[in-house]
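Q: My questions will all concern the structure given below.
The values are calculated or read from the model by the stated rules, or taken from the named source; none is laboratory data. For clarity, every value in this text was computed on a predicted model and none was experimentally measured. Please note: Cβ atoms are built from the backbone with ideal geometry, for glycine as well, and neighbour counts cover all protein chains shown. Quick note on the areas: whole protein, heavy atoms, side chains included, nothing else; ligands and nucleic acids left out. Shrake-Rupley method; radii C 1.70, N 1.55, O 1.52, S 1.80 Å.
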Amino acid sequence: MDSEHWRAVVTAAQAGDRRALDELVAGWLPLVYNIVGRALNGHADVDDVVQETMLRAVGNLGSLRDPDSFRSWLVAIAMRQIRDRARRKTPDRLEEAPASDFADLTALRLQLEGQRREVAEAVRWLDDEDRQLLSLWWLEVAGELTRRELAAAVGITRQHAAVRVQRMKERLETSRGIVRALDGACPGLRELTGRWDGRPDSVWRKRLARHIRGCGYCGGTRETVVPAERLLAGIALVPLPVGFTLSLAFGGKTAVAATSAGWSAKLLGALTKPAVAVTAGATIVAGGAYVVTQPPDAPPPRAAIAPTATATSEPPRTSAPPAPTARSSPSATKKTDPYGTVVDAVDRAPDPDTPPAALPRRPESGITSTGGPKAVMQHRGDRVTLTGRGYVLVRWQISPGSRPGALVMPSWTGLKGRLFHVASGGSRRMDDPLPGAPNGYATGMGGPGIGYAVLPPGTQQMWQNEYFYLDGTVTLTQNERGCDYGLTVFPTNRDAVVEDIGQGPPQGAIRYGLVRDTGTDRAPVPQYVTREAPADPATVPQRSRV
(Lines give C-alpha, C1' and ligand atoms only; values in the text may rest on other atoms or scores of the structure.)
Protein backbone atom coordinates (compact mmCIF):
# COMPACT_ATOMS: atom_id res chain seq x y z
CA MET A 1 0.00 0.00 0.00
CA ASP A 2 1.10 3.58 -0.56
CA SER A 3 2.30 6.07 2.01
CA GLU A 4 -0.97 8.03 1.92
CA HIS A 5 -2.91 4.95 2.97
CA TRP A 6 -0.60 4.22 5.91
CA ARG A 7 -0.63 7.86 6.98
CA ALA A 8 -4.41 7.62 7.19
CA VAL A 9 -4.25 4.31 9.07
CA VAL A 10 -1.74 5.65 11.61
CA THR A 11 -3.78 8.81 12.15
CA ALA A 12 -6.97 6.81 12.68
CA ALA A 13 -5.23 4.42 15.10
CA GLN A 14 -3.90 7.36 17.10
CA ALA A 15 -7.48 8.67 17.31
CA GLY A 16 -8.65 5.37 18.85
CA ASP A 17 -9.94 3.51 15.78
CA ARG A 18 -9.58 -0.17 16.75
CA ARG A 19 -9.88 -1.44 13.18
CA ALA A 20 -7.08 0.88 12.10
CA LEU A 21 -4.94 -0.35 15.00
CA ASP A 22 -5.61 -3.95 13.95
CA GLU A 23 -4.59 -3.18 10.37
CA LEU A 24 -1.46 -1.37 11.52
CA VAL A 25 -0.25 -4.29 13.63
CA ALA A 26 -1.13 -6.96 11.06
CA GLY A 27 0.45 -4.96 8.24
CA TRP A 28 3.81 -4.22 9.91
CA LEU A 29 4.30 -7.33 12.06
CA PRO A 30 5.99 -9.27 9.20
CA LEU A 31 8.58 -6.50 8.76
CA VAL A 32 9.43 -6.53 12.48
CA TYR A 33 9.61 -10.34 12.47
CA ASN A 34 12.08 -10.30 9.55
CA ILE A 35 14.31 -7.67 11.14
CA VAL A 36 14.42 -9.39 14.55
CA GLY A 37 14.62 -12.89 13.09
CA ARG A 38 17.67 -12.08 10.94
CA ALA A 39 19.35 -9.99 13.62
CA LEU A 40 19.07 -12.84 16.15
CA ASN A 41 19.27 -15.64 13.54
CA GLY A 42 16.17 -17.35 14.86
CA HIS A 43 17.25 -17.41 18.53
CA ALA A 44 14.55 -18.41 21.00
CA ASP A 45 14.33 -14.77 22.11
CA VAL A 46 12.91 -13.69 18.72
CA ASP A 47 9.34 -14.14 19.99
CA ASP A 48 10.00 -11.99 23.06
CA VAL A 49 11.74 -9.21 21.13
CA VAL A 50 9.01 -9.07 18.46
CA GLN A 51 6.36 -9.03 21.18
CA GLU A 52 8.07 -6.24 23.11
CA THR A 53 8.57 -4.20 19.95
CA MET A 54 4.90 -4.36 18.98
CA LEU A 55 3.72 -3.67 22.53
CA ARG A 56 5.96 -0.60 22.78
CA ALA A 57 4.87 0.65 19.36
CA VAL A 58 1.17 0.31 20.18
CA GLY A 59 1.61 1.72 23.67
CA ASN A 60 3.54 4.78 22.46
CA LEU A 61 1.68 5.40 19.23
CA GLY A 62 0.22 8.61 20.59
CA SER A 63 3.71 10.10 20.97
CA LEU A 64 4.45 9.78 17.24
CA ARG A 65 4.20 13.32 15.83
CA ASP A 66 4.58 12.57 12.12
CA PRO A 67 2.50 9.63 10.80
CA ASP A 68 4.71 9.55 7.69
CA SER A 69 7.66 8.45 9.84
CA PHE A 70 5.85 5.45 11.36
CA ARG A 71 7.95 2.86 9.52
CA SER A 72 11.32 4.31 10.50
CA TRP A 73 10.02 4.85 14.05
CA LEU A 74 8.89 1.22 14.29
CA VAL A 75 12.19 -0.09 12.89
CA ALA A 76 14.12 2.04 15.38
CA ILE A 77 12.08 0.54 18.24
CA ALA A 78 12.87 -2.97 16.97
CA MET A 79 16.61 -2.26 16.80
CA ARG A 80 16.55 -0.74 20.28
CA GLN A 81 14.88 -3.88 21.65
CA ILE A 82 17.50 -6.05 19.92
CA ARG A 83 20.34 -4.05 21.49
CA ASP A 84 18.64 -4.03 24.91
CA ARG A 85 18.28 -7.78 24.73
CA ALA A 86 22.02 -8.13 24.02
CA ARG A 87 22.89 -5.98 27.04
CA ARG A 88 20.61 -7.99 29.34
CA LYS A 89 22.00 -11.40 28.40
CA THR A 90 25.02 -13.11 29.94
CA PRO A 91 27.71 -14.52 27.59
CA ASP A 92 26.53 -18.08 28.26
CA ARG A 93 22.95 -17.16 27.37
CA LEU A 94 24.03 -15.44 24.17
CA GLU A 95 25.80 -18.58 22.97
CA GLU A 96 22.69 -20.74 23.09
CA ALA A 97 21.77 -22.43 19.82
CA PRO A 98 18.95 -20.88 17.77
CA ALA A 99 15.45 -22.23 18.30
CA SER A 100 15.00 -22.31 14.51
CA ASP A 101 17.82 -21.04 12.33
CA PHE A 102 16.52 -18.00 10.38
CA ALA A 103 18.90 -18.77 7.53
CA ASP A 104 17.08 -22.06 7.05
CA LEU A 105 13.68 -20.41 7.43
CA THR A 106 14.67 -17.92 4.73
CA ALA A 107 15.76 -20.64 2.31
CA LEU A 108 12.78 -22.87 3.07
CA ARG A 109 9.99 -20.28 3.09
CA LEU A 110 11.25 -18.36 0.05
CA GLN A 111 12.44 -21.50 -1.78
CA LEU A 112 15.86 -19.98 -2.37
CA GLU A 113 18.33 -21.92 -4.48
CA GLY A 114 21.91 -21.53 -5.68
CA GLN A 115 23.70 -18.35 -4.70
CA ARG A 116 20.61 -16.86 -3.03
CA ARG A 117 20.60 -19.81 -0.62
CA GLU A 118 24.36 -19.37 -0.19
CA VAL A 119 23.86 -15.77 0.97
CA ALA A 120 21.22 -16.86 3.49
CA GLU A 121 23.54 -19.54 4.90
CA ALA A 122 26.50 -17.13 5.06
CA VAL A 123 24.60 -15.00 7.60
CA ARG A 124 25.48 -17.57 10.27
CA TRP A 125 29.14 -16.52 10.05
CA LEU A 126 28.56 -12.85 10.82
CA ASP A 127 29.06 -11.27 14.25
CA ASP A 128 26.01 -9.94 16.08
CA GLU A 129 26.65 -6.31 15.08
CA ASP A 130 27.03 -7.21 11.40
CA ARG A 131 23.94 -9.42 11.52
CA GLN A 132 21.90 -6.57 12.99
CA LEU A 133 23.02 -4.27 10.18
CA LEU A 134 22.41 -7.00 7.60
CA SER A 135 18.83 -7.41 8.84
CA LEU A 136 18.23 -3.82 7.74
CA TRP A 137 20.38 -3.78 4.60
CA TRP A 138 18.72 -6.98 3.31
CA LEU A 139 15.35 -5.21 3.54
CA GLU A 140 16.81 -2.08 1.95
CA VAL A 141 17.94 -3.90 -1.21
CA ALA A 142 14.64 -5.80 -1.23
CA GLY A 143 12.80 -2.47 -1.35
CA GLU A 144 11.25 -2.65 2.12
CA LEU A 145 13.37 0.11 3.73
CA THR A 146 15.21 3.22 2.56
CA ARG A 147 18.82 4.13 3.35
CA ARG A 148 17.52 7.01 5.46
CA GLU A 149 15.45 4.58 7.54
CA LEU A 150 18.39 2.21 7.86
CA ALA A 151 20.65 4.98 9.16
CA ALA A 152 17.98 6.26 11.55
CA ALA A 153 17.40 2.77 12.96
CA VAL A 154 21.11 2.30 13.66
CA GLY A 155 21.43 5.85 14.97
CA ILE A 156 24.15 7.07 12.60
CA THR A 157 24.45 9.41 9.61
CA ARG A 158 23.80 8.22 6.06
CA GLN A 159 27.51 8.68 5.26
CA HIS A 160 28.56 6.55 8.23
CA ALA A 161 25.90 3.99 7.30
CA ALA A 162 27.44 3.66 3.83
CA VAL A 163 30.84 2.83 5.37
CA ARG A 164 29.34 0.35 7.84
CA VAL A 165 27.31 -1.38 5.13
CA GLN A 166 30.38 -1.71 2.87
CA ARG A 167 32.43 -3.35 5.64
CA MET A 168 29.58 -5.70 6.48
CA LYS A 169 29.24 -6.67 2.80
CA GLU A 170 32.95 -7.55 2.67
CA ARG A 171 32.58 -9.89 5.64
CA LEU A 172 29.43 -11.34 4.06
CA GLU A 173 31.34 -12.13 0.85
CA THR A 174 34.06 -13.82 2.93
CA SER A 175 31.36 -15.87 4.62
CA ARG A 176 29.89 -16.85 1.25
CA GLY A 177 33.30 -18.18 0.27
CA ILE A 178 33.36 -20.28 3.45
CA VAL A 179 29.92 -21.72 2.69
CA ARG A 180 31.07 -22.70 -0.82
CA ALA A 181 34.32 -24.22 0.47
CA LEU A 182 32.61 -26.28 3.20
CA ASP A 183 30.31 -27.73 0.57
CA GLY A 184 33.35 -28.88 -1.45
CA ALA A 185 35.77 -31.74 -1.02
CA CYS A 186 39.11 -30.07 -0.21
CA PRO A 187 41.26 -32.53 1.84
CA GLY A 188 43.15 -29.69 3.49
CA LEU A 189 39.94 -28.04 4.62
CA ARG A 190 38.63 -31.32 6.01
CA GLU A 191 41.81 -31.72 8.05
CA LEU A 192 41.56 -28.14 9.31
CA THR A 193 37.93 -28.54 10.41
CA GLY A 194 38.64 -31.79 12.27
CA ARG A 195 38.89 -29.75 15.48
CA TRP A 196 35.88 -27.53 14.71
CA ASP A 197 32.70 -28.09 16.74
CA GLY A 198 30.48 -27.00 13.83
CA ARG A 199 29.43 -23.65 15.31
CA PRO A 200 30.17 -20.66 13.07
CA ASP A 201 32.06 -17.89 14.88
CA SER A 202 34.51 -15.07 14.11
CA VAL A 203 37.60 -17.10 15.09
CA TRP A 204 36.81 -19.93 12.69
CA ARG A 205 35.70 -17.45 10.04
CA LYS A 206 39.21 -15.97 10.08
CA ARG A 207 40.90 -19.40 10.11
CA LEU A 208 38.84 -20.71 7.22
CA ALA A 209 39.24 -17.46 5.28
CA ARG A 210 43.05 -17.74 5.59
CA HIS A 211 42.90 -21.30 4.27
CA ILE A 212 40.68 -20.30 1.34
CA ARG A 213 42.95 -17.41 0.33
CA GLY A 214 45.94 -19.76 0.15
CA CYS A 215 44.17 -22.79 -1.34
CA GLY A 216 43.92 -23.23 -5.08
CA TYR A 217 41.03 -25.66 -4.72
CA CYS A 218 38.87 -23.62 -2.33
CA GLY A 219 39.84 -20.25 -3.76
CA GLY A 220 39.03 -21.15 -7.35
CA THR A 221 35.50 -20.12 -8.29
CA ARG A 222 33.68 -22.57 -10.50
CA GLU A 223 30.90 -20.11 -11.38
CA THR A 224 30.42 -16.37 -11.61
CA VAL A 225 29.79 -14.94 -8.15
CA VAL A 226 26.83 -12.56 -8.28
CA PRO A 227 26.96 -9.60 -5.84
CA ALA A 228 24.72 -10.11 -2.85
CA GLU A 229 22.63 -6.99 -3.49
CA ARG A 230 21.67 -8.26 -6.95
CA LEU A 231 20.66 -11.60 -5.49
CA LEU A 232 18.56 -10.06 -2.73
CA ALA A 233 16.85 -7.35 -4.80
CA GLY A 234 13.16 -8.02 -5.02
CA ILE A 235 13.10 -10.91 -2.52
CA ALA A 236 9.92 -10.86 -0.49
CA LEU A 237 9.69 -10.91 3.29
CA VAL A 238 10.03 -14.32 4.91
CA PRO A 239 6.45 -15.34 5.75
CA LEU A 240 5.63 -15.75 9.40
CA PRO A 241 6.03 -19.49 10.02
CA VAL A 242 3.11 -21.71 10.89
CA GLY A 243 3.19 -22.21 14.62
CA PHE A 244 4.94 -18.90 15.35
CA THR A 245 3.46 -18.05 18.76
CA LEU A 246 3.90 -15.22 21.24
CA SER A 247 2.78 -15.39 24.86
CA LEU A 248 1.34 -11.92 25.31
CA ALA A 249 1.78 -10.31 28.72
CA PHE A 250 -0.18 -7.16 29.46
CA GLY A 251 2.24 -5.69 31.98
CA GLY A 252 0.03 -6.45 34.95
CA LYS A 253 -3.26 -5.57 33.23
CA THR A 254 -6.10 -8.06 33.15
CA ALA A 255 -7.60 -9.02 29.83
CA VAL A 256 -10.62 -6.87 30.56
CA ALA A 257 -8.47 -3.86 31.36
CA ALA A 258 -6.39 -4.43 28.24
CA THR A 259 -9.52 -4.64 26.10
CA SER A 260 -11.07 -1.56 27.62
CA ALA A 261 -7.82 0.30 26.98
CA GLY A 262 -8.16 -0.33 23.26
CA TRP A 263 -6.86 -3.92 22.77
CA SER A 264 -9.40 -5.49 20.41
CA ALA A 265 -9.76 -9.26 20.09
CA LYS A 266 -8.42 -9.10 16.54
CA LEU A 267 -5.34 -7.19 17.72
CA LEU A 268 -4.72 -9.72 20.48
CA GLY A 269 -4.97 -12.46 17.87
CA ALA A 270 -2.51 -10.72 15.55
CA LEU A 271 0.01 -10.23 18.34
CA THR A 272 -0.21 -13.74 19.66
CA LYS A 273 -0.67 -15.84 16.55
CA PRO A 274 0.34 -13.92 13.44
CA ALA A 275 0.83 -17.01 11.33
CA VAL A 276 -2.67 -18.42 11.61
CA ALA A 277 -6.15 -17.02 11.19
CA VAL A 278 -7.54 -15.17 14.18
CA THR A 279 -10.46 -17.60 14.02
CA ALA A 280 -8.09 -20.40 15.09
CA GLY A 281 -9.49 -20.07 18.58
CA ALA A 282 -7.55 -17.60 20.70
CA THR A 283 -8.54 -17.96 24.34
CA ILE A 284 -7.68 -15.45 27.05
CA VAL A 285 -6.91 -17.19 30.32
CA ALA A 286 -8.74 -15.88 33.35
CA GLY A 287 -6.56 -13.19 34.85
CA GLY A 288 -5.56 -11.98 31.41
CA ALA A 289 -1.88 -12.88 31.37
CA TYR A 290 -1.59 -15.12 28.32
CA VAL A 291 -3.29 -16.15 25.13
CA VAL A 292 -3.42 -19.82 24.11
CA THR A 293 -3.96 -20.69 20.45
CA GLN A 294 -4.15 -23.78 18.30
CA PRO A 295 -3.16 -23.85 14.60
CA PRO A 296 -6.08 -24.64 12.27
CA ASP A 297 -4.31 -27.73 10.92
CA ALA A 298 -3.54 -29.20 14.33
CA PRO A 299 -4.62 -32.87 14.53
CA PRO A 300 -7.70 -33.68 16.62
CA PRO A 301 -7.26 -35.33 20.00
CA ARG A 302 -6.17 -38.95 19.80
CA ALA A 303 -9.52 -40.20 21.05
CA ALA A 304 -11.23 -38.54 18.09
CA ILE A 305 -9.10 -40.31 15.48
CA ALA A 306 -10.68 -43.27 13.77
CA PRO A 307 -7.69 -45.34 12.61
CA THR A 308 -7.93 -46.89 9.18
CA ALA A 309 -6.66 -50.33 8.31
CA THR A 310 -3.87 -48.70 6.33
CA ALA A 311 -2.79 -46.46 9.16
CA THR A 312 -2.72 -49.15 11.80
CA SER A 313 -1.44 -52.16 9.89
CA GLU A 314 1.73 -53.54 11.44
CA PRO A 315 4.88 -54.38 9.45
CA PRO A 316 5.65 -58.02 8.67
CA ARG A 317 6.30 -60.05 11.79
CA THR A 318 9.93 -60.59 10.89
CA SER A 319 10.57 -56.86 11.17
CA ALA A 320 8.04 -55.51 13.64
CA PRO A 321 9.44 -53.87 16.75
CA PRO A 322 8.76 -55.94 19.86
CA ALA A 323 6.10 -55.02 22.36
CA PRO A 324 7.27 -53.15 25.45
CA THR A 325 9.19 -55.34 27.84
CA ALA A 326 9.49 -55.32 31.60
CA ARG A 327 12.54 -53.08 31.20
CA SER A 328 10.33 -50.22 30.01
CA SER A 329 9.90 -47.53 32.61
CA PRO A 330 6.55 -47.56 34.45
CA SER A 331 5.82 -43.97 33.42
CA ALA A 332 5.88 -44.97 29.76
CA THR A 333 2.74 -47.12 30.13
CA LYS A 334 0.51 -44.51 31.75
CA LYS A 335 -2.70 -43.99 29.83
CA THR A 336 -2.31 -40.23 30.19
CA ASP A 337 0.96 -40.29 28.28
CA PRO A 338 0.83 -42.98 25.57
CA TYR A 339 3.72 -41.47 23.62
CA GLY A 340 7.00 -43.34 23.90
CA THR A 341 5.71 -46.77 24.86
CA VAL A 342 7.48 -48.49 21.96
CA VAL A 343 11.24 -48.28 21.53
CA ASP A 344 13.16 -49.70 18.58
CA ALA A 345 15.00 -52.88 19.46
CA VAL A 346 16.84 -55.73 17.73
CA ASP A 347 14.92 -57.11 14.78
CA ARG A 348 15.44 -59.49 11.88
CA ALA A 349 15.72 -58.39 8.27
CA PRO A 350 12.51 -58.97 6.29
CA ASP A 351 12.52 -61.05 3.16
CA PRO A 352 14.15 -59.00 0.35
CA ASP A 353 11.09 -59.41 -1.88
CA THR A 354 8.57 -58.26 0.76
CA PRO A 355 7.08 -54.91 -0.32
CA PRO A 356 6.65 -52.43 2.53
CA ALA A 357 3.33 -51.76 4.20
CA ALA A 358 1.52 -48.52 3.44
CA LEU A 359 3.09 -45.52 5.16
CA PRO A 360 0.55 -43.64 7.31
CA ARG A 361 0.02 -40.03 6.35
CA ARG A 362 1.05 -37.42 8.91
CA PRO A 363 0.66 -33.62 8.61
CA GLU A 364 3.65 -31.79 7.11
CA SER A 365 4.50 -28.10 7.31
CA GLY A 366 8.24 -28.46 6.75
CA ILE A 367 11.41 -29.02 8.78
CA THR A 368 14.15 -26.44 9.28
CA SER A 369 17.67 -27.57 10.07
CA THR A 370 20.59 -25.68 11.59
CA GLY A 371 22.77 -27.64 9.17
CA GLY A 372 20.94 -26.43 6.07
CA PRO A 373 19.35 -28.67 3.42
CA LYS A 374 22.16 -31.23 3.75
CA ALA A 375 23.93 -31.45 7.12
CA VAL A 376 27.04 -33.66 6.89
CA MET A 377 28.28 -34.86 10.29
CA GLN A 378 31.59 -36.74 10.12
CA HIS A 379 33.22 -36.00 13.49
CA ARG A 380 32.41 -36.59 17.14
CA GLY A 381 30.38 -33.68 18.48
CA ASP A 382 28.88 -32.63 15.13
CA ARG A 383 25.21 -31.90 15.65
CA VAL A 384 22.15 -30.52 13.97
CA THR A 385 18.96 -29.13 15.50
CA LEU A 386 15.74 -29.89 13.63
CA THR A 387 12.53 -27.92 14.12
CA GLY A 388 9.08 -28.17 12.62
CA ARG A 389 6.59 -30.81 11.54
CA GLY A 390 7.55 -33.30 8.87
CA TYR A 391 9.97 -36.00 7.76
CA VAL A 392 13.73 -36.28 8.19
CA LEU A 393 16.19 -38.62 6.45
CA VAL A 394 19.34 -39.75 8.28
CA ARG A 395 21.74 -41.46 5.84
CA TRP A 396 24.48 -43.72 7.20
CA GLN A 397 28.03 -44.02 5.85
CA ILE A 398 30.27 -46.36 7.87
CA SER A 399 34.04 -46.57 7.23
CA PRO A 400 35.52 -49.56 9.06
CA GLY A 401 38.27 -49.57 6.44
CA SER A 402 39.51 -46.37 8.03
CA ARG A 403 38.98 -47.44 11.63
CA PRO A 404 37.02 -50.58 12.60
CA GLY A 405 35.71 -51.44 16.04
CA ALA A 406 32.96 -50.40 18.44
CA LEU A 407 30.41 -47.98 17.04
CA VAL A 408 29.05 -45.36 19.46
CA MET A 409 25.54 -44.60 18.23
CA PRO A 410 24.28 -41.04 17.60
CA SER A 411 21.79 -39.62 20.09
CA TRP A 412 18.64 -37.50 19.97
CA THR A 413 18.57 -35.01 22.84
CA GLY A 414 16.53 -32.06 24.09
CA LEU A 415 13.36 -33.39 22.47
CA LYS A 416 10.37 -31.05 22.70
CA GLY A 417 7.32 -32.60 21.09
CA ARG A 418 7.23 -36.01 19.40
CA LEU A 419 9.70 -38.03 17.34
CA PHE A 420 8.84 -41.28 15.55
CA HIS A 421 10.87 -43.80 13.55
CA VAL A 422 8.68 -44.12 10.46
CA ALA A 423 10.60 -46.15 7.86
CA SER A 424 13.90 -47.68 6.78
CA GLY A 425 15.16 -47.63 3.21
CA GLY A 426 18.10 -46.98 0.96
CA SER A 427 17.70 -50.39 -0.71
CA ARG A 428 19.61 -52.29 2.01
CA ARG A 429 20.37 -52.83 5.65
CA MET A 430 23.93 -51.98 6.58
CA ASP A 431 24.67 -55.64 7.38
CA ASP A 432 23.45 -56.87 3.97
CA PRO A 433 26.15 -58.52 1.80
CA LEU A 434 27.50 -56.15 -0.83
CA PRO A 435 27.83 -57.91 -4.21
CA GLY A 436 31.30 -57.37 -5.66
CA ALA A 437 32.40 -55.10 -2.82
CA PRO A 438 36.15 -54.23 -3.06
CA ASN A 439 38.94 -53.98 -0.48
CA GLY A 440 37.80 -56.72 1.84
CA TYR A 441 34.26 -55.40 2.42
CA ALA A 442 31.63 -58.08 2.94
CA THR A 443 28.82 -55.79 4.15
CA GLY A 444 28.23 -52.14 4.88
CA MET A 445 29.48 -52.88 8.39
CA GLY A 446 32.88 -54.08 7.11
CA GLY A 447 34.37 -57.51 6.54
CA PRO A 448 37.16 -59.98 7.41
CA GLY A 449 39.73 -58.09 5.38
CA ILE A 450 39.29 -54.75 7.12
CA GLY A 451 37.44 -55.44 10.37
CA TYR A 452 33.86 -54.72 11.32
CA ALA A 453 31.84 -51.88 12.77
CA VAL A 454 30.37 -53.39 15.97
CA LEU A 455 27.04 -52.18 17.35
CA PRO A 456 26.41 -51.93 21.11
CA PRO A 457 24.56 -54.97 22.53
CA GLY A 458 20.82 -54.78 21.97
CA THR A 459 21.02 -52.12 19.27
CA GLN A 460 18.74 -52.35 16.26
CA GLN A 461 20.65 -52.66 12.98
CA MET A 462 20.33 -49.47 10.93
CA TRP A 463 19.56 -49.28 7.21
CA GLN A 464 21.32 -47.05 4.68
CA ASN A 465 18.46 -44.54 4.96
CA GLU A 466 16.54 -44.13 8.21
CA TYR A 467 13.44 -41.94 8.19
CA PHE A 468 11.92 -40.12 11.15
CA TYR A 469 8.91 -37.91 11.72
CA LEU A 470 9.28 -34.87 13.96
CA ASP A 471 6.61 -32.64 15.43
CA GLY A 472 8.59 -30.22 17.60
CA THR A 473 12.34 -29.76 17.97
CA VAL A 474 15.24 -32.10 18.69
CA THR A 475 19.03 -32.19 18.34
CA LEU A 476 20.86 -35.10 16.68
CA THR A 477 24.53 -35.52 17.69
CA GLN A 478 27.22 -37.64 16.03
CA ASN A 479 29.03 -39.50 18.84
CA GLU A 480 31.86 -41.18 16.90
CA ARG A 481 34.46 -42.66 19.23
CA GLY A 482 35.76 -45.88 17.75
CA CYS A 483 34.70 -46.96 14.29
CA ASP A 484 34.52 -44.12 11.74
CA TYR A 485 31.06 -43.20 10.52
CA GLY A 486 29.25 -40.24 9.05
CA LEU A 487 25.64 -39.06 8.99
CA THR A 488 23.96 -36.89 6.39
CA VAL A 489 20.68 -35.32 7.53
CA PHE A 490 18.09 -34.11 5.00
CA PRO A 491 14.66 -32.63 5.65
CA THR A 492 12.39 -34.57 3.29
CA ASN A 493 8.72 -35.40 2.70
CA ARG A 494 6.41 -38.39 2.70
CA ASP A 495 6.41 -38.80 -1.09
CA ALA A 496 10.21 -39.15 -1.10
CA VAL A 497 10.02 -41.73 1.70
CA VAL A 498 7.43 -43.80 -0.17
CA GLU A 499 9.49 -43.67 -3.38
CA ASP A 500 12.65 -44.81 -1.57
CA ILE A 501 11.18 -47.74 0.36
CA GLY A 502 9.30 -48.91 -2.74
CA GLN A 503 12.56 -49.59 -4.61
CA GLY A 504 13.14 -53.34 -4.38
CA PRO A 505 15.06 -56.17 -6.05
CA PRO A 506 13.21 -55.77 -9.36
CA GLN A 507 14.79 -52.31 -9.61
CA GLY A 508 18.27 -53.59 -8.77
CA ALA A 509 18.16 -52.97 -5.01
CA ILE A 510 19.12 -55.57 -2.42
CA ARG A 511 15.75 -55.40 -0.67
CA TYR A 512 12.58 -53.36 -0.36
CA GLY A 513 12.34 -50.84 2.44
CA LEU A 514 10.41 -51.25 5.66
CA VAL A 515 7.56 -49.22 7.22
CA ARG A 516 7.70 -48.93 11.00
CA ASP A 517 5.06 -46.23 11.59
CA THR A 518 1.82 -47.52 13.10
CA GLY A 519 0.04 -44.23 12.53
CA THR A 520 -0.50 -43.70 16.28
CA ASP A 521 1.43 -42.44 19.28
CA ARG A 522 2.60 -46.04 19.71
CA ALA A 523 4.81 -45.84 16.62
CA PRO A 524 8.45 -46.72 17.39
CA VAL A 525 10.50 -44.06 19.13
CA PRO A 526 14.19 -43.91 18.13
CA GLN A 527 16.77 -45.43 20.43
CA TYR A 528 18.98 -42.97 22.33
CA VAL A 529 16.29 -40.30 22.57
CA THR A 530 15.73 -38.12 25.63
CA ARG A 531 14.16 -34.84 26.61
CA GLU A 532 17.33 -34.02 28.51
CA ALA A 533 20.32 -32.15 27.04
CA PRO A 534 23.44 -33.68 28.62
CA ALA A 535 26.84 -32.04 28.19
CA ASP A 536 28.05 -35.18 26.41
CA PRO A 537 25.22 -36.69 24.33
CA ALA A 538 27.22 -39.94 24.07
CA THR A 539 26.23 -40.61 27.68
CA VAL A 540 22.54 -41.02 26.79
CA PRO A 541 21.77 -44.61 27.84
CA GLN A 542 20.33 -47.14 25.45
CA ARG A 543 16.53 -47.39 25.61
CA SER A 544 16.39 -44.00 27.36
CA ARG A 545 12.88 -42.78 27.97
CA VAL A 546 11.45 -39.63 26.50
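Q: If a residue must be assigned to a strand (DSSP E or B) and β-branched (Val, Ile, Thr), how many such residues does region 454-468 contain? Steps first, please.
A: Step one: filter region 454-468 for residues assigned to a strand (DSSP E or B), giving 454, 463-468.
Now drop any that are not β-branched (Val, Ile, Thr), which leaves 454.
Of the residues in that region, 1 qualify.
Q: Quickly run through region 442-455 and pick out the residues that are over 19 Å from residue 346 (Cα atoms), surrounded by fewer than 19 Cβ atoms within 10 Å (Cβ to Cβ) and touching a residue at least 12 places away in the same chain (Cβ under 8 Å).
A: The initial filter retains those residues of region 442-455 that are over 19 Å from residue 346 (Cα atoms), namely 442, 446-451.
Of the ones still in play, those that are also surrounded by fewer than 19 Cβ atoms within 10 Å (Cβ to Cβ) are 442, 448-451.
Scanning region 442-455 gives 450, 451.
Q: If only one of 459, 539, 520 is touching a residue at least 24 places away in the same chain (Cβ under 8 Å) and open to solvent by 30 Å² or more (accessible area, probe 1.4 Å), which one is it?
A: Answer to the check: 520.
Q: Kindly indicate whether residue 177 is touching a helix residue (DSSP H, G or I) at 6+ places or on another chain (Cβ under 6 Å) and on the phi < 0 side of the Ramachandran plot.
A: Considered against the rule, which asks whether it is touching a helix residue (DSSP H, G or I) at 6+ places or on another chain (Cβ under 6 Å) and on the phi < 0 side of the Ramachandran plot, residue 177 comes out as yes.
Q: When you scan region 526-535, do you find a residue that is in contact with a Ser or Thr (Cβ under 7 Å, 6 or more places away or on another chain), closer than 27 Å to residue 355 by Cβ and buried (at least 17 other Cβ atoms within 10 Å of the Cβ), even just one?
A: Within region 526-535, one or more residues are in contact with a Ser or Thr (Cβ under 7 Å, 6 or more places away or on another chain), closer than 27 Å to residue 355 by Cβ and buried (at least 17 other Cβ atoms within 10 Å of the Cβ).
Q: Okay, moving on. Just checking, how many residues over region 5-27 are closer than 18 Å to residue 54 by Cβ and of a type in the set (Lys, Arg)?
A: Of the residues in region 5-27, 2 are closer than 18 Å to residue 54 by Cβ and of a type in the set (Lys, Arg).
Q: Restricting region 147-187 to residues that are touching a residue at least 60 places away in the same chain (Cβ under 8 Å) and of a type in the set (Val, Ile, Thr), which is nearest to residue 215 (Cα to Cα)?
A: Filtering first and then ranking leaves 179.
Q: Shifting gears a bit: Out of curiosity, is residue 373 open to solvent by 20 Å² or more (accessible area, probe 1.4 Å), over 19 Å from the mean Cα position of the chain (by Cα) and touching a residue at least 24 places away in the same chain (Cβ under 8 Å)?
A: So residue 373 does not fit the description; no.
Q: Still on this model: State the number of residues belonging to region 401-432 that are open to solvent by 40 Å² or more (accessible area, probe 1.4 Å), at pLDDT below 90 and either among the basic types (Lys, Arg) or out of contact with any strand residue (DSSP E or B) (no Cβ under 6 Å at 6 or more places or on another chain) (or both).
A: 2
Q: Does residue 512 satisfy the condition of being of a type in the set (Ser, Thr, Tyr) and open to solvent by less than 30 Å² (accessible area, probe 1.4 Å)?
A: no
Q: Additional query: Checking residue 546 against (1) of a type in the set (Val, Ile, Thr); (2) over 25 Å from the mean Cα position of the chain (by Cα); (3) open to solvent by 30 Å² or more (accessible area, probe 1.4 Å): exactly one of these is not met. Which one?
A: (2)
Q: Identify all residues within region 430-453 that are in a strand (DSSP E or B), out of contact with any Cys (no Cβ under 7 Å at 6 or more places or on another chain) and closer than 20 Å to residue 405 by Cβ; write none if there are none.
A: Listed by number, the residues that qualify are 443, 446, 447, 451, 452.
Q: Determine, yes or no, whether residue 344 is at pLDDT 85 or above and either open to solvent by 70 Å² or more (accessible area, probe 1.4 Å) or under 29 Å from the mean Cα position of the chain (by Cα) (or both).
A: Working: at pLDDT 85 or above: no; either open to solvent by 70 Å² or more (accessible area, probe 1.4 Å) or under 29 Å from the mean Cα position of the chain (by Cα) (or both): yes.
The answer is no for residue 344.
Q: Right, something else. Does region 172-181 include one or more residues that are more than 18 Å from residue 231 (Cα to Cα), buried (at least 17 other Cβ atoms within 10 Å of the Cβ) and hydroxyl-bearing (Ser, Thr, Tyr)?
A: no
Q: Also: Can you give me the number of residues within region 462-491 that are in contact with a Lys or Arg (Cβ under 6 Å, 6 or more places away or on another chain) and either surrounded by fewer than 16 Cβ atoms within 10 Å (Cβ to Cβ) or more than 28 Å from residue 194 (Cα to Cα) (or both)?
A: Of the residues in that region, 4 qualify.
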